[in-house]
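Structure record follows, encoded as structure tokens.
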Amino acid sequence: MTSSLLISEIQFVPIKPREGLVGFASFVLDGRYYVGSVAVYTRLSGIGYRLVYPAKKVGERSFNTFNPIDPVVGRAIEEKVSAKVYELLEERTEERSAR
């Protein structure tokens, strides 16, 4: 299934890190679905990132607005988004070092 999975237009907005949250990501899935407001957290092990998909809270209940149900697809999305996060954070580090 992942061979036909297309994850494009990945964007990442970093924030001041707080309790593992490092920013928010968005992407286009299969050229058909825009997925936004995906929280990007560092893993508890400190290696890599994990994604938390948006939910809508109504009263006391939360409803997932998007969540991959196939773990292979979820992992593919996580890998692509993580690669973009690493790339952008590395660029920011290099820019700061050059100053």
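Of all the numbered requirements in (1) modelled with pLDDT of 95 or more; (2) exposed (fewer than 15 other Cβ atoms within 10 Å of the Cβ), Arg96 misses one, and that requirement is (1). Can we say Glu91 is part of a helix (DSSP H, G or I), surrounded by 10 or more Cβ atoms within 10 Å (Cβ to Cβ), more than 15 Å from the chain's Cα centre (by Cα) and not aliphatic (A, V, I, L, M)? Considered against the rule, which asks whether it is part of a helix (DSSP H, G or I), surrounded by 10 or more Cβ atoms within 10 Å (Cβ to Cβ), more than 15 Å from the chain's Cα centre (by Cα) and not aliphatic (A, V, I, L, M), Glu91 comes out as yes.
Looking only at region 11-54, residues that are more than 15 Å from Gly74 (Cα to Cα), of a type in the set (A, V, I, L, M) and either touching a Gly at 6+ places or on another chain (Cβ under 6 Å) or at pLDDT 95 or above (or both) come to 4 in all.
The criterion of at least 3 residues that are free of Cβ contacts under 8 Å to residues at least 40 places away in the same chain and surrounded by fewer than 11 Cβ atoms within 10 Å (Cβ to Cβ) is met, among strands (runs of 3 or more DSSP E) falling completely within region 1-75, by 7-18, 55-58, 61-64.
The values are calculated or read from the model by the stated rules, or taken from the named source; none is laboratory data. This one's a predicted model, so the numbers in the text were calculated from it and none came from an experiment. For neighbour counting, all protein chains shown are included, and Cβ atoms are generated from backbone atoms with ideal geometry for every residue, glycine included.
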